[in-house]
Amino acid sequence: MNANARRILRAMVPIAAVLVAGIVSAQSPNPQTAVAPPATKQAAPKAKPAGKAGEQTFKMVLEPRAMDLLKATSAKLAAAKSMSFTAVVGYEYPSRLWPPIVYTTRYDIAMQRPDKLRVLMPGDGPASEFYYDGKSMTAYAPAEKLAAVVDAPASIDAMLRVAFQKAAIYFPFSDALVADPYTALTDGAILAFYVGPSAVMGGTRTDMVVWANPDVFVQMWIGADDKLPRRMRAIFAADPLALRHEMELSNWQLDPALPPDTFTSAAAQSAGRMAFAAPAPPPRGAKPITSGRSTPASGKAPGASD
């Protein structure tokens, strides 16, 4: 790890706090002391005045090495005419005991540019399937034998936008599917730096990069040799609890030959019908947590581009 990365990492605790809760100072617990839930609510620490003697200042930077790695992984994804991979997503959920509980979802993805996508979600919760064949998109619930079908635009980017607008369907790996992954990943970036190498992600050598925009703080593991994304860890500014979201990406296959029936389902076509709509309206004033700008342009779904 280079000296610049170490200096930046020392500043990450206050920076992450600013991004997620507006707090500009943080304090680490004594490792010899057991951490317990606070007995009473305590006020957040007041911001310390900047510029005093002895205090280190930190400047947001976009390190060229970090941006080059993001460009390399984006170019690898954009060049693939077809791909398949597995994404295992873990997200924290608040518990009454104070520490959060982690829930996981697995996605098995197959896509073919410019207009084919299949996403199978076997659990932990109710299984579901999503199909897009360039003309229509289908959300299928196998246990209930119900399917929602609607006409779809002629590109993956436009389809992702419509799926989000009509039914609040959003895939956390959407940035890997769109035509321009680099713009989807780095739009609005205010911080990017190289952390260092790692060799513990499924036996694959990776390079660790941190980047952030006003909405999200992300650490990303990128394959050192194949430049494919292997893991992402994020905290969103819109989340006052600063709960963590993690995604591991594996089983990558680029440009595989995918038969046409990959993107359709006979079971879904013969299933009963349900509305292609969100299960329930979102709370008033709520907006999706995104990895892009706070206000997506032209009503775009997170990560989607024209």
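The values are calculated or read from the model by the stated rules, or taken from the named source; none is laboratory data. Note that the structure is predicted; figures quoted are calculated from it, not measured. All Cβ positions, glycine included, derive from the backbone under ideal geometry; neighbour counts span all protein chains shown. These area figures cover heavy atoms from the full protein model, side chains too; ligands, DNA and RNA do not enter into them. Shrake-Rupley method; radii C 1.70, N 1.55, O 1.52, S 1.80 Å.
Among the residues here, VAL88 qualifies as hydrophobic (A, V, I, L, M, F, W, C), closer than 30 Å to MET208 by Cα and assigned to a strand (DSSP E or B).
Residue by residue, here is whether (1) closer than 21 Å to PRO172 by Cα; (2) modelled with pLDDT under 95; (3) hydroxyl-bearing (Ser, Thr, Tyr) holds:
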position	(1), (2), (3)
ASP239	yes, yes, no
TRP252	yes, no, no
ASP255	no, no, no
PRO260	no, yes, no
SER265	no, no, yes
ALA278	yes, yes, no
SER294	yes, yes, yes
GLY299	yes, yes, no
GLY303	yes, yes, no
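Any residue at all in region 188-203 that's open to solvent by 20 Å² or more (accessible area, probe 1.4 Å), touching a Phe, Trp or Tyr at 6+ places or on another chain (Cβ under 8 Å), part of a loop (DSSP other than H, G, I, E, B) and more than 25 Å from ILE109 (Cα to Cα)? Within region 188-203 (the criterion being open to solvent by 20 Å² or more (accessible area, probe 1.4 Å), touching a Phe, Trp or Tyr at 6+ places or on another chain (Cβ under 8 Å), part of a loop (DSSP other than H, G, I, E, B) and more than 25 Å from ILE109 (Cα to Cα)), the answer is yes, since at least one residue qualifies. Within region 113-126, how many residues are open to solvent by less than 60 Å² (accessible area, probe 1.4 Å) and touching a helix residue (DSSP H, G or I) at 6+ places or on another chain (Cβ under 9 Å)? Qualifying residue count, region 113-126: 4.
Is it the case, given these coordinates, that VAL150 is farther than 22 Å from HIS245 by Cα and under 20 Å from the mean Cα position of the chain (by Cα)? In short, no.
Just one of the listed residues (TYR131, TYR140, TYR182) is open to solvent by 10 Å² or more (accessible area, probe 1.4 Å) and closer than 30 Å to GLU63 by Cβ, and it is TYR182. Taking region 221-235 as the range and being of a type in the set (A, V, I, L, M, F, W, C), farther than 12 Å from HIS245 by Cβ and outside any loop (DSSP other than H, G, I, E, B) as the test, the residues that pass are TRP221, ILE222.
A quick yes/no check of all residues on (1) at pLDDT 90 or above; (2) open to solvent by 20 Å² or more (accessible area, probe 1.4 Å):
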residue	(1), (2)
GLY51	no, yes
LEU62	yes, yes
LYS76	yes, yes
THR86	yes, no
TYR103	yes, yes
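Being closer than 27 Å to ALA110 by Cα, open to solvent by less than 30 Å² (accessible area, probe 1.4 Å) and out of contact with any helix residue (DSSP H, G or I) (no Cβ under 6 Å at 6 or more places or on another chain) is true of LEU249.
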